[in-house]
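These notes are about the structure you will find just below.
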Amino acid sequence: MKPVDFELHRPATTAEAVALLAEHAPEAKVLAGGQSLLPLLNFRLARPEHLVDLGRIAALAELRRTRDELVVGAMVRQARAERSPAVAADAPLLAAAFPNIAHPPIRNRGTVGGSLAHADPAAELPAVARALDAVLVAAGPAGRREIAARDFFQANLMTVLEADELLVEIRFPRAAPGTGASFQEVGRRSGDFALVGVAAQVTVRDGVVEEARVCVTGVAPTPHRAAEAEEPLTGRPLTEARLAAAADALRAAIDPSGDLHAPGEYRRDVAGTLAVRAVAQAHRRATEHAA
Ligand code: FAD
């Protein structure tokens, strides 16, 4: 299939992009890497009259560090962030997620902001943003606003972004020393969207889990931040019994729907198993960093 006709705009600045969206919304859509949008256009599931391509806006492709944050521009390609030493050092959970996303050619084009704005319930990056309490910065006709990740994802493929707003950058808190991370998932084939995925980041100090962050994808319309699994892990040394308690608490807290690919009960069970694996690996990596 081919898309319906549209007018392509290629602004050079964020201000121009915002002005174009303000002029043409709701008949305009933002084009980032196109890896989700172009199939929707080709199948005519989306029929925007205007496409605002962000590819020429250099400011949106910046990746920088501040004292406390790693700031990732919305147009930073997933493959570039995957290879970035700054991402590996400051946001190890983000780095751990990328190899699970699709295939390298898709990550070469796909952007960090595009994945978050698309908000697929099985996607990895929304779970990472939610696990790390990232801050998402949007620009619109009224200026910029900061949105906490817990408020950003509203429903399946729905965020709080307005039709005339643009996601411009994502701020991740820089990981403390002694932090390790892991992203574990199960899918039908390598490169497919996950049936279930678990993001875990653990900070260890003096043999004690100072902080545990766990978030699950594929079990609800938006990422499930698993406070119930974090609680039994925090403030204590990690043991197998505590890992099992965390997994049980997670299974009790979620109620995934079934679909063509897997029944809800399977997703619930696998979520617990993946949480054990992810937290254990994050803990091992944290301990190596602490040493
Ligand atoms: P686009 O496709 O350009 O845009 C997606 C949506 O977000 C559009 O509605 C667009 O208007 C909006 N948007 C994009 N950027 C912004 C912005 N800055 N501000 C406001 N709105 C914006 N993803 C996964 O997470 N895990 C997978 O396993 C996975 N597997 C895939 C397998 C295949 C075969 C394919 C084709 C894609 C897969 N994807 C997967 C999707 C991929 O990661 C996409 O790159 C990503 O979802 C969208 O990013 P993009 O930059 O391509 O955005």
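No value in this document is a laboratory result; all are computed from the given coordinates. Since this is a predicted model, take the numbers as computed values, not measurements. FYI the Cβ positions are ideal-geometry reconstructions off the backbone, even for glycines, and counts take in every protein chain you see.
Taking ALA81, is it hydrophobic (A, V, I, L, M, F, W, C) and surrounded by fewer than 18 Cβ atoms within 10 Å (Cβ to Cβ)?
In short, no.
Restricting to segment 163-186, count the residues that are outside any strand (DSSP E or B) and touching a residue at least 40 places away in the same chain (Cβ under 8 Å).
Here the count works out to 7.
Give the residue, chosen from THR66, THR111, that is of a type outside the set (Lys, Arg) and in contact with a helix residue (DSSP H, G or I) (Cβ under 9 Å, 6 or more places away or on another chain). Walk me through how you get there before you give the answer.
Values: THR66 fails: in contact with a helix residue (DSSP H, G or I) (Cβ under 9 Å, 6 or more places away or on another chain).
None of the others qualify; the one that does is THR111.
Please go through segment 118-137 and give me each residue that is hydrophobic (A, V, I, L, M, F, W, C) and in contact with a Phe, Trp or Tyr (Cβ under 9 Å, 6 or more places away or on another chain), ordered by number.
Taking segment 118-137 as the starting set, the residues that turn out to be hydrophobic (A, V, I, L, M, F, W, C) are 119, 122-123, 125, 127-129, 131-132, 134-137.
Within segment 118-137, ALA119, ALA122, ALA123, LEU125, ALA127, VAL128, ALA129, LEU132, ALA134, VAL135, LEU136 qualify.
Failed condition for THR203, given (1) crowded, with 19+ Cβ neighbours inside 10 Å; (2) among the polar types (S, T, N, Q); (3) within 16 Å of the ligand (Cβ to nearest atom), with all others met?
The one condition THR203 does not meet is (3).
Take ALA226 and decide whether it is within 16 Å of ALA127 (Cα to Cα), in contact with a Gly (Cβ under 7 Å, 6 or more places away or on another chain), aliphatic (A, V, I, L, M) and surrounded by 22 or more Cβ atoms within 10 Å (Cβ to Cβ).
Working: within 16 Å of ALA127 (Cα to Cα): yes; in contact with a Gly (Cβ under 7 Å, 6 or more places away or on another chain): no; aliphatic (A, V, I, L, M): yes; surrounded by 22 or more Cβ atoms within 10 Å (Cβ to Cβ): yes.
No, not satisfied.
Would you pick out the residues in segment 18-34 that are within 9 Å of the ligand (Cβ to nearest atom) and without any contact (Cβ under 8 Å) to a residue 24 or more places away in the chain?
Matches in segment 18-34: LYS29 only.
Checking GLY191 against (1) out of contact with any His (no Cβ under 6 Å at 6 or more places or on another chain); (2) in a loop (DSSP other than H, G, I, E, B): exactly one of these is not met. Which one?
With (1) out of contact with any His (no Cβ under 6 Å at 6 or more places or on another chain); (2) in a loop (DSSP other than H, G, I, E, B) applied to GLY191, the lone miss is (1).
Taking only pairs six or more apart or across chains, which ones have beta-carbon atoms under 8 Å, a first residue in segment 191-206 that is under 19 Å from LEU250 (Cβ atoms), and a second residue that is among the hydroxyl-bearing types (Ser, Thr, Tyr) and within 11 Å of the ligand (Cβ to nearest atom)?
Filtered contacts from segment 191-206: ALA194/THR217; VAL196/THR217; GLY197/THR217; VAL198/THR217; ALA199/THR217.
Kindly establish whether ALA88 is free of Cβ contacts under 8 Å to residues at least 24 places away in the same chain, surrounded by 17 or more Cβ atoms within 10 Å (Cβ to Cβ), under 30 Å from PRO177 (Cβ atoms) and not polar (S, T, N, Q).
Judged against the criteria, ALA88 is not a match.
Working only within segment 35-58, note down all residues that are hydrophobic (A, V, I, L, M, F, W, C) and within 13 Å of the ligand (Cβ to nearest atom).
Passing the criteria: LEU37, LEU38, LEU40, LEU41, PHE43, LEU45, ALA46, LEU51, VAL52, LEU54, ILE57.
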